[in-house]
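Novice: I'd like to ask some things about the structure below.
No value in this document is a laboratory result; all are computed from the given coordinates. Since the model is a prediction, treat every value here as computed from it, not as a measurement. Because the Cβ atoms are built from the backbone with ideal geometry, glycine has one as well, and the counts that use them run over all protein chains shown.
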Amino acid sequence: MAQLHVRHIKQAVLKDFNHLLAQDDLKNKSDSDKEDAILTRAQMAYVLSFISGCDNEQAANSITDGYLDNGIDSIFYSRVNQVLYFGQSKWRNNGNGSIDVGSVRKFLSGINKIINSNYSRVSDKIKEKQVEIEDALDNVNIKIVFLLCYTGNDKASDDVIEALDDFVENLNDSSDIFSYKIIKQQDIHNSVSAGKKKKIDLEVLLSHWGSVKNPYLSFYGQVAASDLAQWYKSHQENLFSPNIRMFLGSTEVNNSIISTLKSEPEKFWYFNNGITALCDKIVKKAIGGGTKEHGQFCCYGLTIVNGAQTVGSIASANQDIPEKVEHAKVPLRIISLESCPPQLEVEITKKNNTQNKIEKRDFVSLDSNQERLRVEMLMDDKEYKYKSGDVVSNPENQCGLEEATIARACAQSDISLVVDAKSGIGRLWDDIGKAPYTILFNKSLTGPQLWRLIQVYRYIEIRLTHLKKTIEGKERAISVHGNRFITHIVMQSATFDISNGSEKISHSEIEEIYKLCSFAVTTTHKKLNRKYPDSYVANVFKNQMKSADLKELVLKDIIKEMNKKKN
C-alpha cells in the first residue's frame, strides 16, 4: 500500500510541476539521481502549494534545492497571509521511513543563518530571495513556518521532534512567530486523492437557529466552540477559503479571543463577531423536527470565508483549556451556493473581509485631552489628527495619534511601554481612564510639547531608515525590529530637553540625535550578541526582561562614552 501511495503522489506532483521546475543544475547527474532530485523538488512545491495556497508557478519558483542550499529546499513569502515558509523535502521511493535528524539539524542551522541575515556560503538561488526574505523579516506581523515533508509513512522520530521543538521554543521567546508542520506520505496522498483544496463535508449542529430563504438559502445560529476546535483539528487550513488570511497564531486580537475563553466562556457569544461559511449545498436533517432549539445540517463543500482567527484561537485554547471551551458558543451563518450566480462566492468573501471594524484607537477620540491637544497645536498652525480615518498628508505641519503614542511611550523611563509600542500598540489604548494610556496622555501634556517630541521621534526614524540601507546582518535587524528600543535609548540619553515646547529642533540637536542613533545601534548589536546570541532579534524587543537588560547595558556604555568626550 505504501508504494502504491508513493506511485500516486509521484504521478500527481510530476503532472503539476515537472514542466515548471528549474533543472539546469541536474544535467551532469545520473538518471536515477536526477529523477530523485526532480521528485524531491516537485513534492516540495506540491506541499507548499496546498499548505500556503500559492499557485503552481509561485511554488515552483520557491525551490532552492541544490548545491549550497544549507538543507533548505524551498523559501516562499506569502504576502497575503504574512507567512514566510522554509521547506525541506525528502523523497522515499519505497514509502518507508521518515526524515532523519541530521537533515533536520542542517535545515535548522541553515534557517538560523538566514534569519540572522548571514548569506555567506549559500547558493545563488537563496541569495536571489534575499530581498523577499528581508521584506518578510521586516514585517512585525510575520509568521515563520518550517515545512518538512517526506513520502515515508513513519512518524518523525523523537530526536527530530526534540530538535524542532527546542529550535522553535528558543526562537519564539515571548511571541509565537515560529512554528513547524510535518507532512508525511498519508497527508500528501490524502491531498492527491481529494485534490489540493480538499472538499469538506460536515454535519453542523446549530442551536437557536433560523433561516433565510430568499434570495439565497442560508442558515444561522449558535455553534459549540468545541465543535469548531474539532473542525480545525481535522481539516486545518483546508477549512478556510484560499482568498482569506489563514490563522495567524499569537496576535493581539487572537490573544484577546483566548483570554475571553479562559475567563468568561459563557459570554463569548456576546463578545465575538461570529463566523461566515459557504457551502455547495445544505440539507437539513429531520432530527429535531420543527423546533428551532436544535437543528442538524449536512453541509457539503464547506469553507469558512470570515472568522479564521476566531476558529484558530478556539482550537489553540482547546488544547490547554478544553473544559472552558466546552461552555462557549459562537455565532455562525452558513450560505448555500447551490442556486447562486457564479461570482457570488468571491463577492461574499471579499465583502465579509473588508468591513470596517471598531478598533481600540477609536475610543481614544472620547478623551477630552486629545481635542485639547488638537486645539493647542492649531494655535501654532499645526494639525493633530487623532481620529480614525484622519490622514497625515503634510508632515511639515501635521502629525497623527500613532506617532504621538509611540513618541510618548519611548520618552518614558518605563521600558514596558516601549515594548508595548513595538509588540502591540493597541495595549496603550486599552482603557482611556487608566494607565498606561493616562501616563502618555494627561492634562500636564501640552500641544507644543507633543509636537516637539514628535519632531525628535521623526529625526530618529530618518536616521534609522538611513542606517538600514548601509548596514547588514543583525545590526540591520536591530534598526528595523529595535526601532522603538533605539528611539527610547536616544530619548533617554539626549543632553537636550526633548519636549521643551518653546523651542524648535536645532541643527546641533539633530546632529546629536544622529550620532546617538548610530552609537545606540552599534552598542545594542554588541550587547545583544554577548547577552542573547541565539535569540531571534525581533523577539528580543518584544520581551520586557530582555529589553530591560539591554537598556541597562547600552545606556551604561553611552554614558561612559559621553563622559569621555566631556573630559
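Novice: What are the residues whose amide H is under 5 Å from the amide H of G301, where those residues sit 5 or more places off or on another chain and H is modelled from the backbone?
Specialist: I200, D201, L202, D280
Novice: Please identify the longest segment of the chain free of exposed GluC sites (Glu not before Pro), where exposed means a DSSP state other than H, G, I, E or B and no more than 15 other Cβ atoms within 10 Å.
Specialist: Working: sites that count: E128, E293, E326, E338, E359, E396, E472, E503.
Counting only loop sites that pass the neighbour cut-off, the longest clear stretch is 129-292.
Novice: What is the Cα coordinate range of segment 95-230 on the first, second and third principal axes, sorted by size from largest, in whole angstrom?
Specialist: Largest to smallest, the principal-axis extents are 63, 40, 29 Å.
Novice: Rg(Cα) of the chain divided by 2.2 N^0.38 Å?
Specialist: Working: Rg = 26.9 Å, N = 567, 2.2 N^0.38 = 24.5 Å.
The chain yields a ratio of 1.10.
Novice: Let me ask something else about it. Once the Cα atoms of segment 299-412 are picked out, what are the Rg and Dmax in Å?
Specialist: That works out to 22.0, 63 Å for Rg and Dmax.
Novice: Note the angle between two axes, namely the Cα long axis of helix 31-52 and the longest principal axis of the Cα atoms of the chain, as a number of degrees from 0 to 90, rounded to the nearest 10.
Specialist: Around 70 degrees separate the two axes.
Novice: Using the Cα centre as the reference, give the magnitude of the dipole from point charges on the C-beta atoms of segment 2-194 (Lys, Arg: +1; Asp, Glu: -1; all else neutral), rounded to the nearest 20 debye. Write down the numbers at each step before the final one.
Specialist: On the way: 21 positive and 29 negative charges, 103 e Å.
Dipole about the Cα centre, nearest 20: 500 debye.
Novice: When K560, K281 are ordered from fewest to most other Cβ atoms inside 10 Å of their Cβ, what list results?
Specialist: Details: K560 9, K281 15.
Ranking K560, K281 by Cβ neighbours within 10 Å, fewest first, gives K560, K281.
Novice: Related question: Using the Karplus curve 6.51 cos²θ - 1.76 cosθ + 1.60 with θ = phi - 60°, what ³J(HN,Hα) values do you get for each residue of segment 186-193, in whole Hz, with x for Gly and Pro?
Specialist: 4, 5, 5, 5, 4, 5, 4, 6
Novice: In degrees from 0 to 90, rounded to the nearest 10, what is the angle of the helix 507-531 Cα long axis to the longest principal axis of the chain?
Specialist: 50
Novice: For n ≥ 4 DSSP H runs only, could you compute -39500 (n - 2.57) per run for the chain, divide by its residues and tell me the 222 nm figure to the nearest 500?
Specialist: On the way: 24 runs with 281 residues, N = 567.
Mean residue ellipticity at 222 nm (helix-derived): -15500 deg cm²/dmol.
Novice: Quick query: amide H of N118 versus all other amide H atoms, modeled in the peptide plane; which residues come in under 5 Å with a sequence gap of 5 or more or a different chain?
Specialist: Under 5 Å from the amide H of N118: no residue qualifies.
Novice: Using Cα pairs under 8 angstrom and six or more residues apart, how large is the relative contact order of the chain, in percent?
Specialist: Relative CO of the chain lands at 11 percent.
Novice: Apply the Karplus parameterisation 6.51 cos²θ - 1.76 cosθ + 1.60, with θ equal to phi minus 60°, to every residue of segment 125-140 and state each ³J(HN,Hα) to the nearest whole Hz, in sequence, with x for glycine and proline.
Specialist: Going residue by residue, I get 4, 6, 4, 5, 9, 4, 4, 4, 5, 5, 4, 5, 5, 6, 7, 5 Hz, with x marking Gly and Pro.
Novice: Separate question: Put one equal scatterer on each alpha carbon of segment 360-566, apply the Debye formula with no solvent term, and list log10 I(q)/I(0) at q = 0.07 1/Å to two decimals.
Specialist: Debye curve over Cα of segment 360-566, log10 I(q)/I(0) at q = 0.07 Å⁻¹: -0.21.
Novice: Along the positive direction of the dipole of segment 134-224 (beta-carbon charges: Lys, Arg +1; Asp, Glu -1; about the Cα centre), which of S207, A156, I182 reaches farthest?
Specialist: Final value for the positive-end residue is S207.
Novice: State to the nearest 20 debye the size of the charge dipole of the chain about its Cα centre, where the only charges are +1 on K and R beta carbons and -1 on D and E beta carbons.
Specialist: Working: 74 positive and 73 negative charges, 34 e Å.
Using only the charged Cβ atoms, the result is roughly 160 debye.
Novice: With unit charges on the beta carbon (Lys/Arg positive, Asp/Glu negative), name the residue among N116, V131, I144 whose Cα is farthest towards the positive pole of the charge dipole of segment 109-171.
Specialist: V131
Novice: Right, next: Rounded to a whole number, what is D in µm²/s for segment 2-194 from Stokes-Einstein with the Kirkwood radius over alpha-carbon pairs (37 °C, 0.692 mPa s)? Could the numbers behind the result be given before it?
Specialist: Working: Rh = 16.8 Å.
Rounded, D is 196 µm²/s.
Novice: How large is the convex hull of the Cα atoms of segment 416-481 per residue, expressed in Å³ as a whole number?
Specialist: Working: hull volume 5.7 nm³, N = 66.
For segment 416-481, the hull spanned by Cα atoms encloses 87 Å³ per residue.
Novice: If you average the sequence gap of Cα pairs under 8 Å that are 6 or more apart and divide by the length of segment 202-352, what percent do you get for the contact order? Kindly include the intermediate steps, with their values, before the conclusion.
Specialist: On the way: 293 pairs, mean separation 58.7, N = 151.
Rounded, it is 39 percent for segment 202-352.
Novice: For the chain, what proportion of DSSP beta bridges, expressed in % and rounded to the nearest 5, is antiparallel? The partial results should precede the final answer.
Specialist: Values: 30 of 53 bridges.
Antiparallel: roughly 55 percent of the beta bridges in the chain.
Novice: Where Lys and Arg each count +1 and Asp and Glu each count -1, what net charge lies around N116 among other residues with Cβ under 13 Å from its Cβ? Walk me through the numbers on the way to the answer.
Specialist: Working: positive: K113, K474, R476; negative: E134, E472, E475, D534.
Net of charged neighbours comes to -1.
Novice: Per residue of segment 10-15, in order, report the coupling 6.51 cos²θ - 1.76 cosθ + 1.60 (Karplus, θ = phi - 60°) as ³J(HN,Hα) in whole Hz, putting x for Gly and Pro.
Specialist: Each residue of segment 10-15 in turn: 4, 4, 5, 6, 5, 4 Hz.
Novice: With +1 on the Cβ of every Lys and Arg and -1 on the Cβ of every Asp and Glu, and nothing else charged, how large is the dipole of segment 353-490 about its Cα centre, in debye rounded to the nearest 20?
Specialist: Details: 21 positive and 19 negative charges, 72 e Å.
That gives a dipole near 340 debye.
Novice: Just need the relative contact order of segment 309-426 here, percent rounded to a whole number, with Cα pairs under 8 Å and 6+ apart.
Specialist: Details: 59 pairs, mean separation 14.5, N = 118.
This gives 12 percent for segment 309-426.
Novice: Do any chymotrypsin sites (Phe, Trp or Tyr not before Pro) in segment 17-68 lie in a loop, going by DSSP, with at most 14 other beta-carbon atoms within 10 Å of their beta carbon, and if so which? Don't skip to the answer; put the middle values down first.
Specialist: Details: sites: F17, Y46, F50, Y67; in loops: Y67.
The qualifying sites are Y67.
Novice: What do you get for the angle between helix 483-493 and the principal long axis of the chain? Use alpha-carbon atoms, 0 to 90 degrees, nearest ten.
Specialist: 20
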